[in-house]
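Structure first, commentary second.
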Amino acid sequence: MKSLRTALGTLVLALLTAGCSLEGDYPQSSVAPTSDFALMIHELYADIFWWTLLILAVVWVVLAYILIRFRARPDSPVPKQIHGHMGLEIGWTIGPALIVVAISIPTIQAVFATQQGDPEGSLVVDVIGHQYWWEFRYPDSGLITANEVHIPVDRPVSFRISSDDVIHSFWVPMLGGKRDANPMRIRPEGEDPKYNWIHLTANETGTFWGQCAEFCGDSHSLMGFRVVVEDEAGFQAWQADLATPVAAPATAAADPAQDTTTADAAPAPAQVAQVDPLVEQGREIFHQQTCIACHAIAGTNAMGEIAPNLTLFGRRSSLAAGWLENTPENLQAWIKAPQDIKPGALMPGVAVAGGNWPATNLTDDQVEAIAAYLYSLR
Ligand code: CUA
């Protein structure tokens, strides 16, 4: 008996601690809601889970009673044999039917609640799926970014979801989802596009992981993204930075130790900017190569629209659509051979063509310089 109690105690403890660490260890947990939308779905799930557990408990108790009460004994006679029982059959047909009805009522209510139009004053964000990355556009400000979308906390956001090629699906487990991203190019003439929408209000700041949830080709499983939920001031600052052209040469961070201005001096004189030659070399190569045919960087001659927008690229935590940590080393590996990392990627590599583009034939030094330049966009 004591060992049974110890075993049960261990099990309960394991379950409890598993619950505690859900958020940290599982960035795509679907049982740690952080928006009104996700909470609605989670509560539905939790309600049904507990009712199911109750039914399971009743079934187990009845089963245990029957197994013990009617167990075979050495001198037992053969039990009464039954073939067909109208009462039982009606019972086990009607019982489950009632359970299904009981589940469907709150489910249908939740479906309608999540499908209402965009709330007053909501921030509309266009979500456009591509093989294999995500584009995000803010129609109000005209700003564009890729693979890492920023939204404000405690403000309604309406994701307007579509695709540029095949069907993808937009899913951020902790914030809500999922909704198919359907191609908008193929539709009867004169007909309005039928977008899918997700309306939600995030109630926690943080970076939340998203994932394409509809098989869309070779690298479907590598088509992730991030949603950065910020306080209103942080969000506004990020938008302002995104809107600021980065035409001036990037500068290395000024060393505060060399700051000779005193605390009470009048406005400090502009610090002498340290130009990083590697960054400058990368800038030159990037803007002279075919990179700019596909990629855009606000305020420069790079205005391509068919590949991820790279404005403020250096601030992103991930690259290759949420698949790799954004480090200069990973970025170099990606520029050298995108298809090695993401099969089917349309970007050409150093020695391999990609999409309609021939191999770039960049040297290792050139790749390093381009990575340094992109990394400096922050
Ligand atoms: Cu995009 Cu799966």
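The values are calculated or read from the model by the stated rules, or taken from the named source; none is laboratory data. It should be emphasised that the depicted structure is a prediction, and the values quoted were computed from it without experimental measurement. Because the Cβ atoms are built from the backbone with ideal geometry, glycine has one as well, and the counts that use them run over all protein chains shown. Calculation scope for accessible area: heavy atoms of the full protein, side chains included, ligands and nucleic acids excluded. Shrake-Rupley method; radii C 1.70, N 1.55, O 1.52, S 1.80 Å.
From 151, 167, 198, 161, grab the single residue that is farther than 27 Å from residue 32 by Cβ and among the β-branched types (Val, Ile, Thr).
Numbers: 151 fails: farther than 27 Å from residue 32 by Cβ; 198 fails: farther than 27 Å from residue 32 by Cβ; 161 fails: farther than 27 Å from residue 32 by Cβ.
Unique residue meeting the criteria: 167.
Would you check which residues across segment 223-237 are more than 9 Å from the ligand (Cβ to nearest atom) and either open to solvent by 30 Å² or more (accessible area, probe 1.4 Å) or closer than 17 Å to residue 134 by Cβ (or both) and list them? Full working, then the answer.
First, pick out the residues of segment 223-237 that are more than 9 Å from the ligand (Cβ to nearest atom): 224-237.
224, 225, 226, 227, 228, 229, 230, 231, 232, 233, 236, 237, listed by residue number.
When both residues are 6+ apart or on different chains and their Cβ atoms are under 9 Å apart, which pairs have a first residue that lies in segment 153-171 and is under 16 Å from residue 211 (Cα atoms) and without any contact (Cβ under 8 Å) to a residue 40 or more places away in the chain, and a second that is of a type in the set (A, V, I, L, M, F, W, C) and not in a strand (DSSP E or B)?
Going by the 9 Å Cβ cut-off, the qualifying pairs are 162/184; 163/184; 163/216.
Looking at (1) away from the ligand (no atom under 16 Å from the Cβ); (2) surrounded by fewer than 22 Cβ atoms within 10 Å (Cβ to Cβ), which one does residue 165 not meet, given that it meets all the others?
Only one criterion in (1) away from the ligand (no atom under 16 Å from the Cβ); (2) surrounded by fewer than 22 Cβ atoms within 10 Å (Cβ to Cβ) is unmet by residue 165, namely (1).
Does residue 336 qualify as being open to solvent by 20 Å² or more (accessible area, probe 1.4 Å), basic (Lys, Arg) and more than 24 Å from residue 239 (Cα to Cα)? Give the derivation first.
Numbers: open to solvent by 20 Å² or more (accessible area, probe 1.4 Å): yes; basic (Lys, Arg): yes; more than 24 Å from residue 239 (Cα to Cα): yes.
Considered against the rule, which asks whether it is open to solvent by 20 Å² or more (accessible area, probe 1.4 Å), basic (Lys, Arg) and more than 24 Å from residue 239 (Cα to Cα), residue 336 comes out as yes.
Please go through (1) modelled with pLDDT of 95 or more; (2) within 21 Å of residue 295 (Cβ to Cβ); (3) touching a helix residue (DSSP H, G or I) at 6+ places or on another chain (Cβ under 9 Å) for residue 136 and return the number of the only condition it doesn't satisfy.
(3)
Spot the failing condition for residue 186; the list is (1) within 30 Å of residue 304 (Cα to Cα); (2) modelled with pLDDT of 90 or more; (3) loosely packed, with under 12 Cβ neighbours inside 10 Å, and only one is missed.
(2)
Looking at segment 124-142, which of its residues are assigned to a strand (DSSP E or B) and either surrounded by fewer than 19 Cβ atoms within 10 Å (Cβ to Cβ) or free of Cβ contacts under 8 Å to residues at least 24 places away in the same chain (or both)? Outline the logic, then answer.
Here is the first cut: in segment 124-142, the ones assigned to a strand (DSSP E or B) are 124-130, 133-138.
Selection gives 124, 126, 136, 137.
Could we say that residue 107 is hydroxyl-bearing (Ser, Thr, Tyr), more than 16 Å from the ligand (Cβ to nearest atom), outside the structural domain of residue 176 (by TED's automatic domain parsing) and open to solvent by less than 100 Å² (accessible area, probe 1.4 Å) here?
Values: hydroxyl-bearing (Ser, Thr, Tyr): yes; more than 16 Å from the ligand (Cβ to nearest atom): yes; outside the structural domain of residue 176 (by TED's automatic domain parsing): yes; open to solvent by less than 100 Å² (accessible area, probe 1.4 Å): yes.
Considered against the rule, which asks whether it is hydroxyl-bearing (Ser, Thr, Tyr), more than 16 Å from the ligand (Cβ to nearest atom), outside the structural domain of residue 176 (by TED's automatic domain parsing) and open to solvent by less than 100 Å² (accessible area, probe 1.4 Å), residue 107 comes out as yes.
Using the structure shown, decide if residue 214 is acidic (Asp, Glu), more than 16 Å from the ligand (Cβ to nearest atom) and under 19 Å from the mean Cα position of the chain (by Cα). So that I can check it myself, show each step before the final result.
Values: acidic (Asp, Glu): yes; more than 16 Å from the ligand (Cβ to nearest atom): no; under 19 Å from the mean Cα position of the chain (by Cα): yes.
Here the answer is no, as residue 214 does not meet what is asked.
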